[in-house]
Structure formats: structure tokens, C-alpha cells
Amino acid sequence: MIQTPYIVVAVTLPIMKSYTYELPEHMKGVCSLGMRVLVPFGKRRVTGYIISGQMTCEGFRAKKVLDILDDHPLFPESEIKFFKWISDYYIHPLGGVIKSALPSGFDRHDVSCVFVTKTGQAAMNQGTLNPGEKQVVELVLQRESCTLKQLIKNSQNKTINALIRKMEKKDLITVSAVLKKDGAKIKKEKFILLAENPKKSIRMSKKREMILSIIKKKKEISLTGLRQHIPTAPTLIKPLAEAGYLKIIHRQVFRDPLGDPVDPDTPPRLTDEQKIVVRQVQAKPNQRFCPYLLSGITGSGKTEVYMRLVWDVIENGKTAIVLVPEISLISQTERRFRARFGDKIAVIHSALTQGELLDQWRKIALKKVSIVIGARSAIFAPFKDIGIIVVDEEHDTSYKQETGLRYNARDLAVVRAKLNNCPVILGSATPSVQSYQNVVLKRFEELKLEKRINQHPLPEISLVNLKKYKDVYGYDRIITPELSKEIRKCLDKGNQALIFLNRRGFATSPICQDCGKALSCNYCDITMTLHKGLNVYQCHLCGSTRPLNTKCPSCNSSKIKPLGFGTEKVELMLKSMFPDARLVRMDQDSTTRKGATIKILKTIRNRNVDIIVGTQMLAKGHDFPSITLVGIICADLSLSLPDFRAGERTFQLLAQVAGRAGRGESKGKVIMQTYNPDHFIIEAAKKQDFFEFFQNEAPFRKALMYPPFSRLIQIKISGNKLDKVKKYAIDVANILNKLLENKEYQKYIVQILGPIEAPIQKISSRFRWQILIKSPSSTLINRLVKFMMDDPQVATASGIRLIVDVDPYFLM
């Protein structure tokens, strides 16, 4: 508990520094580091996080804390150092870092709300308002509480701000600050116990007697549990409680996001390779910090290695964090860990409701669990004594957050392990070039699993040259005769086939037959995709749609030809070619509803489906023993993207999806359709040989000084007016170039590339420019960008958004 007269608070505003506040006498001894406080900031009230105590406040008079918002810390004191490191490295406000780390809904602040006054209501009834005023009043009255932001957004009036000020002066409306409360609340439930001395006697019906009998037997029961025995229990317990037969108490309960119950498992015998890997990690004295890269081929038993190492940590009274890249993978991993560890597990990912996420966080903070399994945000789990951190499929791009705080959970796992002095295991069959370079430089230790479990062989991979079918009409251009033949063989043997295409929708290139122009999005520089299931053309960047009967925006022709293909079209083709087969499609469109992903995975696992058509959601980590055939429709899709990591991503995706075949007793086969069968990346994927890929890829990266041989920061600039964005981007580049004249920067190779228009020049009506900064020294370019952001010319631009992305993953 804090006893100091002042506290240092990180506020949830886009401000890099922290602020000192005075702690009122009655709050001393009540608040702790890691709790939220409500503090005044200018004319409003905002949420802040206590990061330290302070004895004195010199040079100014500190404002007083208004309220304490928690009854226990939301994160341990040891995590504050971690948050500060993130703030410094990713050049992001500390309050924003902590807000991003916590479940959504933990934020109270003043919001400007608009209310209609009595004068305004009377004028509306009498019809004395002008059209503009009438529209404003109608918009406000439509909502229970209308924020100023909502009103401005929904109004079509270009002079809405001036109109609001005028209406305020006329006392037609009033704008007031309203405190926005937490989005999620603690769930409480009624529990029923027997009372010791009844106050009065009442008539006992059969159901009342049953209630008393059940409670006597169970000692205590929740109202939800009692309703399962007697549905009318809520109305029956009230008179029993009033008469003194029962005692009703309210208690916090945790919402359960876990799946169906699982049977406990028996740990299998480790293979010789697995034993060597486990012993190598356990051999380190006192489990000290050491980063490991576990490079095991697909199906080699990496998950069992993770579980053995986690078991060892839990037995020693410590905790573990296990990261998986996709929400669809969490279900499989969580089931396996629950079978081994029971109820010691919490899960954290974005598919949980706010309430479920809040409960999982509280369970971790209150030390009710020892293991957290989750997607990238699980790296912030409020554990104190961390014994091990595991990052499965460490190469996956899903670990990089692309909005708000743009962190990489894989990199943060290494940092957090170092701060907690514990080992970190990065596992993958296709490691990232970055991680393998760290092995080469002896920063990471390599652990290897080179054989599949039960001596199952790797699948046989055959290449099909799509150039042979470029002039063929019909299905053979997409599903070649070679692939079709293998699908039929697979079905005849009673096995499952996975058909992979990393492109969703029905037709990806709708073209006007009269003028030849593509049907593009109004708000983005990208072609729309036909989704036949929804009967719309959809933009995959901003989500905007056009109806199916839309006309060409250029020539007004209604002859739109749906060229190209996606998973939807492939699914229809396969249904036509194999009418006897049961099909399921798994992509972003088919898994939007809550629980849809788990339902599809269960269908595959229970063998209720014969052919699975899927995108990269199915390409990694899944273990389906009945899949013996993998068909890759087009292996080259991502190979020619204007991104230096395009080749790496293509190799990883192809090798991973190929690894889904032959994980059971039957031998697997992969048909890889490609236009570039001689490309070194396709060849390496065919051999499932990461080292061959690395030896070919690394020299290109080194020659061009791209990561991992340099560090990269991307400055993203966007706005609604192209000229303004371009001028601002040039100004920012000039400031950076001027800073480079400093002798300190000239000691190193610092390159500034740009400014230049982004490959996708417009998204959601915002024009995009970018600048890339490269250097072998991350500290140097980090400092350079901080100096640039402090320049008044950068800070004062209105209508322009500047985003700093440290170690960017997507350069489009």
C-alpha cells in the first residue's frame, strides 16, 4: 500500500510523460501500485494508472486524486518496468501502453454529451426551429445519450460546429461533460444456504421441501445451479428466505469461456529427441533467462515439449504464459493443456466478451490460475513469478499488432522473460529469418526436433505447373486433373482432404466488359471482391459493399464480369465435382459468428466432413490425423508482393500447410500448383527445408540492409486531402534529413527512404504516404524519431495522422 503524500500517474491520453498528483489523506494506505485512479486533467476527468509513489512535489501545486477505481491492483509492480520499456522502444505513451495491455472497458473519462433544453423542446413542439436546428434536435432526441462526436459524425451539415455553438447561446441545447463508466462489470450471483433459526413457519409444498433437501445435501448452491433442479426456484426461495429458512448471499462468479469438459490425459512417453530438448532447458541453473529457438518439423511433438516444461515450472510454484498466433488454435491448445493441468488455466483473446475477458484477468491477478494461454495480448498477463514463456509458431505475423500500440508479442516475450529471469521458448517448423539469425549470432540457443512422432514420414510433395493449363477452359485451370485425381483417391479411402487457397470470396477481379476497368472501392485503391453468399461486392480493407446488380462507375454499363477466384468459388467447384463428399469452408467469412470456428474445427476432428476448403486459418498448428491430402490451389499468390518479407511469408505458409498432411497412420500427400516451379522458395517448400531457404534469402537481405541485418522504423502519414498529406510527408522527411546532419548519426549508416506514396495509396478515404528509416542501430533511429516528433512543425498539423511503426511487418 502507498503511504507517500504524492503518486505518479500515467494518464490514458496521447502524452508521453507521466504526472504527479496529491493523494488525499483518506486514500493513503488504500491504494497500491497498479490500481486505477480518476484524476482531473485540464477541464476534464480521465483514468490514470499508479506507477510509483513520491514524497515531494517541487515547483508546482499538484492536483488531488478524485477517486480510486479498483479494490486490487490490475497488474503487479514488477510489470511497470516492462510497460516503461515498451513505451520507450515503441515510442508510445505509457498510459496508452497500459490501456492496451488491460482488457477493454477499463477506462473512465469525461465525454461531451448534448442534451435538449426545455426551451429547445418547447421550440420543437411549436415548430419555430429552422431546418438545421430541427435536424440537430431530432438527432439528439433519437438517442438516450448523444455524444458531441456522434452528433457531428451523423449530421450532413458542413457548418455543424458553428450551428451547435449558436444553439447553445440560444439555450436550445446544452453540452455537458458526462463521466463514461467501465464497459465491463464484475458478475455477481445469488448463493443459497440454510439459515440456522427460522423466524416463522410457512406451508411447505413439495417443491419447497425439495429445495430445502437439495440445499441441506449440498450445503450451499448457486441460484443457477438450483434452477437446473427446479426451474421455478427464483420465485420459491423468496418466501423461504423471508421466513428465515434460507439465507441468500451475493458472491462474485467468473464467466467461463472454456469449451466442453475434457477427460484428463496420461502424459505419453517422450521420444529420444524430446527428452534431449527438455533436459537441455531444465539443465540451466535456477531456470535463468535464456532464449531458445525450438525448430521442429511439423508433427514432431513440440506441444508435448511445451507441456513438460510448463509442468516442471508449475511444480516449482511458478507461472507460465503460452502464446499461440490464432484464436482458432487456442481451442486445440487449451484442450490439451486442460487435459493435463485441469482448472489451473485461463485464456485471453479478442473473441471473448468484455465480461469474460475481465473475469479471466481478475482470476490471473488474484492468483487463482497458474497458466495463461492466449493470442498476442496474453503476453501482458498480470503474473508475478513467471517461470517460462512459450511462443508457438513464433514466425507468425499475427503476433504483430497493427493498430494502436504496434507491438510484436514474440519480441515482447523475450523482453519479459529477461526482466523475469526465466527461459523463453520460441517454437516453429519454419522459424522467422530474424530468430534464426539470432541463432547464427549465438544470441539464441537452438533446440531441434527432426523426426515426426511415431516415425511418421513427412508428406510426399508433388509440383503441378499451372502454365500447362493457362489456355484450358473450365475447372481444370483451378483444380487441375492431377489434384482432382488425388482428391478422388483420398475420398475412396475414407480420408479427409484439405484444399488451401489464401484468398476469400467468389471472384476477386470483377471487370467491366465494355470499358475494361476493374470494379474498385469508392474509398480505397483496391478492387472489390464478389461474395456470392452475401450477394454483394465487398472491399476487404474498409468493408464497404456494392449490390450485386451494381453498374460500372466509369461507363454505367451493367456488364460486370466476375473474374478471379477465391475460397467460395473453389467450394462450389468441389461440390459440383464431388457431389458425394461432405464439404466445409473455413475462412474469415464463415467464422464471423461467436463459436463458429470451434464448431468447424470440431466437425473436422469428429470426421463429419470429407473436404475442407480453407485459408491460412487452417495452415498452422492444427493436428487432424485423418487429413492425408493437401491441395494448394496457387502457391505463388503472395510471392510478388512489394514487400521484402514476401518470399519468407510464402515459404512459411506453404511449408506449414503442407505439414497438415499425413499426421496420422496413413501417409500424406501434397499437390502444390504453381506458375513458378523453379523458384528457390517453391523448391525449398517442396523439400520442407528451412535451412536451404535461409541460405538463399539471407544474402539478399544483407546486400540491401533489410532486417535482420538492420532495424527499421516506418512513418505512416495519412489524411483526407492528398496535397496536404504529400506536403506534410515532405516536411517530416526534411526534418529527419536535417537531424541526420548531426555528427552522431553520421557514425552509422542511417538511410531515409522516401517520402513516397504507399503501395495502397488510399484506405477508408485517407490518402497514405510513408517514410522508412533504416540503420544497424535501433537506439539511434529510435532517438532520431523521438527528436522528429518533438519538432513543433510535426506536432501542430491538423487533419493529418502520423503513426510510428517500429519493426514494421506490412509495408503495403
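The values are calculated or read from the model by the stated rules, or taken from the named source; none is laboratory data. Everything numeric in this text was worked out from a predicted model, so none of it was measured. For neighbour counting, all protein chains shown are included, and Cβ atoms are generated from backbone atoms with ideal geometry for every residue, glycine included. Keep in mind that these areas ignore ligands, DNA and RNA; they rest on the heavy atoms of the full protein, side chains included. Shrake-Rupley method; radii C 1.70, N 1.55, O 1.52, S 1.80 Å.
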Computed FRET value (nearest 0.05) for Thr235 with Ala162, which takes r as the C-beta separation and R₀ as 51 Å: 0.35
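Once neighbouring chains are kept in place and the probe is 1.4 Å, which whole percent of the accessible area of the stretch 393-453 is contributed by carbon and sulfur?
On the way: 920 of 2040 Å².
Here carbon and sulfur together make up 45 percent of the probe-accessible area.
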Which listed pairs, of Lys702/Lys726; Lys400/Lys786; Lys275/Lys686; Lys468/Lys686, have C-alpha distances above 26 Å, in listed order: Lys702/Lys726; Lys275/Lys686
Lys, Arg +1 and Asp, Glu -1 on Cβ, resulting dipole of the chain about Cα centre, debye, nearest 20: 2180 debye
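If R0 is 45 Å, what FRET efficiency do you get for Lys149 and Ser32 from their C-beta distance, rounded to 0.05?
0.85
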From phi via Karplus (6.51, -1.76, 1.60), per-residue ³J(HN,Hα) for the stretch 503-519 in Hz, x at Gly/Pro: 7, 8, x, 9, 10, 9, 9, x, 10, 6, 6, 8, 9, x, 8, 6, 7
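Could you give the length gained by full extension between Asn556 and Asn465, i.e. 0.36 nm per residue of separation minus their alpha carbon distance, to one decimal place? Don't skip to the answer; put the middle values down first.
On the way: separation 91, 0.36 × 91 = 32.76 nm, distance 3.91 nm.
Gain on stretching Asn556 to Asn465: 28.9 nm.
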Loop trypsin sites (Lys or Arg not before Pro), the stretch 681-772 (other Cβ atoms within 10 Å of the site Cβ: 15 or fewer; DSSP): Lys721, Lys747
For the chain: rounded, prolate or oblate by the Cα gyration tensor [a/c cutoff 1.5]: rounded
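Taking the highest mean first, how do the peptides 151-160, 667-676 order by number of other beta carbon atoms within 10 angstrom per residue? All intermediate terms of the calculation are to be shown ahead of the outcome.
Numbers: 151-160: 13.0, 667-676: 21.0.
Those peptides, ordered most packed to least, come out 667-676, 151-160.
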Tensor-based shape of the stretch 751-812 (alpha-carbon gyration tensor, a/c under 1.5 rounded, otherwise prolate or oblate): oblate
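Give the average over all directions of the projected area of the C-alpha convex hull of the stretch 270-396, one decimal, in nm².
Values: hull surface 30.9 nm².
Its average projected convex-hull area is 7.7 nm².
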Net length gained if the chain between Thr174 and Ile756 were fully extended (0.36 nm per residue, minus Cα distance): 205.0 nm
Highest to lowest packing among 593-603, 639-649, 420-430, scored as the average C-beta count within 10 Å: 420-430, 639-649, 593-603
Helix runs (DSSP H) in the chain reaching 24 Å along axis by Cα, Kyte-Doolittle at least -1.0: 722-739
Surface accessible to a 1.4 Å probe, per residue, for the residues of the stretch 565-655, Å²: 38 Å²
Phe75, Phe691, reordered so the largest accessible area comes first (probe 1.4 Å): Phe691, Phe75
Mean separation of Cα contacts under 8 Å, 6 or more apart, over the residue count of the chain: relative contact order %: 9 percent
Solvent-accessible area per residue for the stretch 486-548 (1.4 angstrom probe, square angstrom): 45 Å²
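Taking a ≥ b ≥ c as the square roots of the Cα gyration tensor eigenvalues, with a/c under 1.5 meaning rounded and otherwise prolate when a/b beats b/c, else oblate, which class fits the stretch 505-580? Write down the numbers at each step before the final one.
Numbers: a/c = 2.42, a/b = 1.68, b/c = 1.44.
Judged from the Cα gyration tensor, the stretch 505-580 comes out prolate (a/c at least 1.5, a/b above b/c).
Have a look at the DSSP beta bridges in the chain and tell me what percent are antiparallel, nearest 5. Show your work: numbers first, answer last.
Numbers: 75 of 127 bridges.
The antiparallel fraction comes to roughly 60 percent.
Accessible area per residue, 1.4 Å probe, Å², for the stretch 52-106: what's the number?
On the way: 2680 Å² over 55 residues.
Per-residue value: 49 Å².
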Modelled FRET efficiency - R0 25 Å, Asp623 with Asp689, Cβ distances, 0.05 increments: 0.70
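Of the DSSP beta bridges with both residues in the stretch 1-118, give the percent that are antiparallel, rounding to the nearest 5. Please list the in-between numbers first.
On the way: 18 of 19 bridges.
Around 95 percent antiparallel, to the nearest 5.
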Non-local Lys pairs in the stretch 527-677, i.e. 8 or more apart or on different chains, that have alpha carbons under 16 Å apart: 7
In Å², nearest 10: area of Met789 left accessible to a 1.4 Å probe: 70 Å²
